[in-house]
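Quick note: the coordinates plus some simple rules give every number you see, no bench work behind them. From a predicted model like this one, the values you see are computed outputs, not experimental measurements. All Cβ positions, glycine included, derive from the backbone under ideal geometry; neighbour counts span all protein chains shown.
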């Protein structure tokens, strides 16, 4: 697969008051009904971006820019931003109505995926992008809206199997972004146990070539293990751990081999035998039918027209879901919370500008937010005073989780943001818990580029314990979101009490900083970021998105 350098070569600029006649399509769009507008936006964006995917050499990346045109006199007549007033406008009805919209949009993917989904590249995700744009454009020119196109990795494992000595491990699972077995055919060889963790080429025995390797998880990324296996001549790789592994190989280099995971107990007898007799012949057959490709997708960014643009309050949520389901909680809840806050913010006058962002391809490894943060100029970067991440606001077995950021290991101000969330929960008589600031969501690109960050969540596949039940209610021994990354993350999944509370907190975070950054640290030069584990690059997180990389 060829890697592409992205360059923006064309921008489409649209103003409500001054639409170029050559852009009659867009001029007509503003006169359409709401429902039709959403359809047309999706279709037009799809035409520009989806169809271009068929040609990998097409670098004509079109970005849509729509200028806000709110009348300054009207704006100046608005009351100054006030947190209690903004919070009072948040209600369940608004969230529920948008959830229904989003689920209907996810259903557009049924024809292609056989179920609702908003995974990048799907009709459901293009519909989500169109919906966000059209909803922001209803807000009377209060925001400038633009899109940012980029290419993201898309991969799918269609089928897979593994037989070791005639037995298929019950825990067998493929890695995301794994290549297929050679020529799409089953790979046959003996099972070879790899010394250490497979993080160095010399960990692989000299008789690796033409065989299938068994590697212990840890010390380095899954992709590194797979690449080293390929370099050593292996036909495939099996990575084992004490617990089930859900992982990704990350960006392909062309040297990776078909890679799957198993739980250690399923291969323990083979490990024991091969530890004593490395060349013992356990006949092994691995088969993976998969693809990995690049597709174009979009970030959507909305900036308030007014407010100090040298001191920007930025917040974001990811607009995509996994392929397995519609993602109404993950992260339809964050997407919708931002839309509701953006809508009600238009009733107020701001001191500092506010930037709402909806990132694409979070589920593929935080790609949209990272692309955005890494492509900011130094001047643009310096204007962002902080970034607030809102991912999964409504888990049914929720806990009120605050990212455990601090001002020592993370950009100065990250700890202040954590304190704002804690103070709000406690002032409302609500419990909270700190959750690791481990690189799991879209704050990563900002933290790594020196921008203070943080956020809140309600939990994903973590398991609630007795202490959590005592503080938040719910069910002990179950995931915070039992439908995490599944088809059942639908309209029945969100907990609306938690969702309303967290959306009010989002409104509070916006209102406080849109009014003043008094007491909030000024931006400082970039510092190294504390890693969640033993990364070889201490200034980078080693955990990306919802999928472990090591």
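Stretching residue 463 away from residue 84 to a fully extended chain increases their span by 133.1 nm, per 0.36 nm per residue minus the current alpha-carbon distance. Using 20 Å as the cut-off for backbone N distance, which residues of region 498-521 belong to the label zone defined by a point 7 Å from the Cα of residue 434 along Cα→Cβ? What the label zone holds, given the 20 Å backbone N cut-off, is 521.
Stretching residue 167 away from residue 272 to a fully extended chain increases their span by 36.1 nm, per 0.36 nm per residue minus the current alpha-carbon distance. Give me the distance between the Cα centres of region 462-498 and region 75-117, rounded to whole Å. Centre-to-centre distance over Cα atoms comes out at 21 Å.
Rounded, prolate or oblate: which fits region 302-372, taking a ≥ b ≥ c as square roots of the Cα gyration tensor eigenvalues, rounded meaning a/c under 1.5, else prolate when a/b beats b/c? Since a/c reaches 1.5 but b/c is at least a/b, the shape of region 302-372 is classed as oblate.
Each DSSP beta bridge with both residues in region 154-293 is either parallel or antiparallel, and the antiparallel ones are about 55%. Under the rule a/c < 1.5 gives rounded, and otherwise a/b versus b/c splits prolate from oblate, where does region 351-508 land using the Cα gyration tensor? In terms of gyration-tensor shape, prolate. Put simply, when 389-395, 364-370 are sorted by average Cβ atoms within 10 angstrom per residue, most first, you get 389-395, 364-370.
Dividing the radius of gyration of the alpha carbons in region 226-355 by their Kirkwood radius gives 1.22 for Rg/Rh. Let me know the shape class of region 154-293, please: from the alpha-carbon gyration tensor, a ≥ b ≥ c as square roots of the eigenvalues, rounded when a/c is under 1.5, otherwise prolate if a/b is greater than b/c, or oblate. It comes out rounded by the Cα gyration axes. With the convex hull of its Cα atoms as the shape, region 332-419 has an orientation-averaged projected area of 7.5 nm².
Packing, as the average of other Cβ atoms within 10 Å across residues, places the peptides 158-170, 396-408, 73-85, 201-213 in the order 396-408, 201-213, 158-170, 73-85, highest first. Packing, as the average of other Cβ atoms within 10 Å across residues, places the peptides 494-502, 138-146, 273-281 in the order 494-502, 138-146, 273-281, highest first. Region 238-294 has equivalent-ellipsoid semi-axes of 26, 15, 10 Å, by the square roots of 5 times the alpha carbon gyration tensor eigenvalues, sorted largest first.
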